[in-house]
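Heads up, the thing below is written out as structure tokens.
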Amino acid sequence: MSPEILQKILKAGKIASQVRREGAVKLAVPGTSALEVMDFCEKRIIQLGGQIAWAQMALNETAAHFCPDDDDKTTMKDGDVVKVDIGVHLDGYIADNAMTIEVGKTTHHKDLIKAAQNALKAAIKLVEPGRQLWELGEAQYSEAEKMGFTTVRNLCGHTIDRYKVHSGVSIPTYNNKDKTELQEDWQIAIEPFVTNGKGLIKEKHPPTIFMLEKEKGVRSPHARKILEEVRHLNGLPFTTRWLTRKLGKGATAFGLRELQQNGSVRPYAPLVEVNNGLVSQFEHSMIVGKKTTVYTRHEDDEW
Ligand code: CO
């Protein structure tokens, strides 16, 4: 890895960790609106010199993939379990990180949150070239189980590449027997999701997050305008809010429908625990090495 690329990755990580923490602090206040904080996080990424890969959050039984639309009325309530997932890139070099907090002064879900933290810590300790993926999964699962919870088995960490959030290898959150070995210089994100539910998620429509997969010919001017808006993202995700602010609600919905039907755009709907269990999540990005570099760790992180 060249020093220039490494610098970009490290800087993206620094920004991502700071925005994650600032977003979490804001969301911890009862009455705060989801929309307000996600707008803040996006602005803050730019202010700190980064480029937005995404700013997402998820509440309680939703594990991931929620972005509020402009008319969304979601506000934080005491005891809510909130995940903040922030992605920053510089020239396509991505930092991906997430954390969970409980809103307000209650501590009902302290253990659920701690279990995901412990799971991440235990897995990171094992990261080195030659380590097999199942071992990372086993470590995460056993930390969750120790505290009476389970991991969400159909969510996983992932390798990262330039402009690619998931670049092919999945890092399990349980022992799935995958003997693939970590390689030196791989960029990976480990993200245990822990729940008091069944340990499985399903999609809940409608989606507000999309990714451009492969541009195909379109008929409507609405679809064409959306392509013009998202092409420069190089396949990184976008949210409906960005589009409705420029193109309006009707045109966005119409255009997105066409783009999904012709296979240009793929939706990422909110992921909800099948038994409506509460879900916590922690995530760091790192570069695998004899000495692994966890590049999204904030000085206040205890994990
Ligand atoms: Co991730």
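The values are calculated or read from the model by the stated rules, or taken from the named source; none is laboratory data. None of the values given here were measured: they were computed from a predicted structure. Reconstructed Cβ throughout: ideal geometry from the backbone, glycine too, with neighbour counts over all protein chains shown. When the accessible area is computed, the model is the full protein with side chains, heavy atoms only, and any ligands, DNA or RNA have been set aside. Shrake-Rupley method; radii C 1.70, N 1.55, O 1.52, S 1.80 Å.
Mind counting the residues in segment 55-67 that are in a loop (DSSP other than H, G, I, E, B) and among the hydrophobic types (A, V, I, L, M, F, W, C)?
1
Filter segment 179-204 for residues that are more than 16 Å from the ligand (Cβ to nearest atom), within 30 Å of residue 12 (Cα to Cα) and either open to solvent by 20 Å² or more (accessible area, probe 1.4 Å) or of a type in the set (Lys, Arg) (or both) and give the result.
180, 181, 183, 184, 185, 203
Pick from 113, 94: which is within 15 Å of the ligand (Cβ to nearest atom) and open to solvent by less than 30 Å² (accessible area, probe 1.4 Å)?
Going through 113, 94 in turn, just one is within 15 Å of the ligand (Cβ to nearest atom) and open to solvent by less than 30 Å² (accessible area, probe 1.4 Å): 94.
Identify, from the list 157, 130, 148, the residue that is open to solvent by less than 30 Å² (accessible area, probe 1.4 Å) and either under 30 Å from residue 49 (Cβ atoms) or among the small types (Gly, Ala, Ser) (or both).
Of 157, 130, 148, the one residue that is open to solvent by less than 30 Å² (accessible area, probe 1.4 Å) and either under 30 Å from residue 49 (Cβ atoms) or among the small types (Gly, Ala, Ser) (or both) is 157.
Residue by residue, here is whether (1) in a loop (DSSP other than H, G, I, E, B); (2) under 19 Å from residue 210 (Cβ atoms); (3) within 16 Å of the ligand (Cβ to nearest atom) holds:
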{"site": "38", "(1), (2), (3)": "no, yes, no"}
{"site": "42", "(1), (2), (3)": "no, yes, no"}
{"site": "46", "(1), (2), (3)": "no, no, no"}
{"site": "49", "(1), (2), (3)": "yes, no, no"}
{"site": "53", "(1), (2), (3)": "no, yes, yes"}
{"site": "69", "(1), (2), (3)": "yes, yes, no"}
{"site": "73", "(1), (2), (3)": "yes, no, no"}
{"site": "79", "(1), (2), (3)": "yes, no, no"}
{"site": "83", "(1), (2), (3)": "no, no, yes"}
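Taking segment 42-80 as the region of interest, how many residues are in contact with a helix residue (DSSP H, G or I) (Cβ under 7 Å, 6 or more places away or on another chain), buried (at least 21 other Cβ atoms within 10 Å of the Cβ) and within 26 Å of residue 195 (Cα to Cα)?
5
Can you pull out every residue in segment 157-169 that is within 12 Å of the ligand (Cβ to nearest atom) and either free of Cβ contacts under 8 Å to residues at least 24 places away in the same chain or under 14 Å from residue 135 (Cβ atoms) (or both)?
157, 166, 167, listed by residue number.
Got a number for residues in segment 254-281 being open to solvent by 10 Å² or more (accessible area, probe 1.4 Å), small (Gly, Ala, Ser) and under 30 Å from residue 20 (Cβ atoms)?
Within segment 254-281, residues that are open to solvent by 10 Å² or more (accessible area, probe 1.4 Å), small (Gly, Ala, Ser) and under 30 Å from residue 20 (Cβ atoms) number 0.
Does segment 265-294 hold any residues that are aromatic (Phe, Trp, Tyr) and either assigned to a strand (DSSP E or B) or not assigned by TED's automatic domain parsing to the domain that holds residue 117 (or both), and which are they?
268 - this is the single residue of segment 265-294 that is aromatic (Phe, Trp, Tyr) and either assigned to a strand (DSSP E or B) or not assigned by TED's automatic domain parsing to the domain that holds residue 117 (or both).
So which residues in segment 129-156 are part of a strand (DSSP E or B) and either closer than 18 Å to residue 98 by Cα or within 16 Å of the ligand (Cβ to nearest atom) (or both)?
151
Let me spell it out: the conditions are (1) over 22 Å from the mean Cα position of the chain (by Cα); (2) over 30 Å from residue 184 (Cβ atoms), and residue 289 meets all of them except one. Which number is the exception?
The one condition residue 289 does not meet is (2).
Filter segment 1-48 for residues that are among the aromatic types (Phe, Trp, Tyr) and at pLDDT below 95 and give the result.
Step one: filter segment 1-48 for residues among the aromatic types (Phe, Trp, Tyr), giving 40.
Hits for segment 1-48: nothing passes.
Do we have residue 208 as under 15 Å from residue 69 (Cβ atoms), modelled with pLDDT of 95 or more and touching a strand residue (DSSP E or B) at 6+ places or on another chain (Cβ under 8 Å) here?
For residue 208, the condition - under 15 Å from residue 69 (Cβ atoms), modelled with pLDDT of 95 or more and touching a strand residue (DSSP E or B) at 6+ places or on another chain (Cβ under 8 Å) - is met.
Would it be correct to say that residue 194 is in contact with a Phe, Trp or Tyr (Cβ under 9 Å, 6 or more places away or on another chain), among the β-branched types (Val, Ile, Thr) and not in a helix (DSSP H, G or I)?
Considered against the rule, which asks whether it is in contact with a Phe, Trp or Tyr (Cβ under 9 Å, 6 or more places away or on another chain), among the β-branched types (Val, Ile, Thr) and not in a helix (DSSP H, G or I), residue 194 comes out as yes.
I'd like the residue in segment 226-242 that is of a type outside the set (Lys, Arg), under 18 Å from residue 37 (Cα atoms) and in a helix (DSSP H, G or I) and, out of all such residues, is least open to solvent (accessible area, probe 1.4 Å). Break it down into steps so the answer makes sense when it comes.
Step one: of segment 226-242, the residues of a type outside the set (Lys, Arg) are 226-230, 232-240, 242.
Within this subset, residues satisfying the condition of being under 18 Å from residue 37 (Cα atoms) are 238-240, 242.
If we keep only those that are in a helix (DSSP H, G or I) as well, we get 240, 242.
Values: 240: 14, 242: 69 Å².
The extreme case among them is 240.
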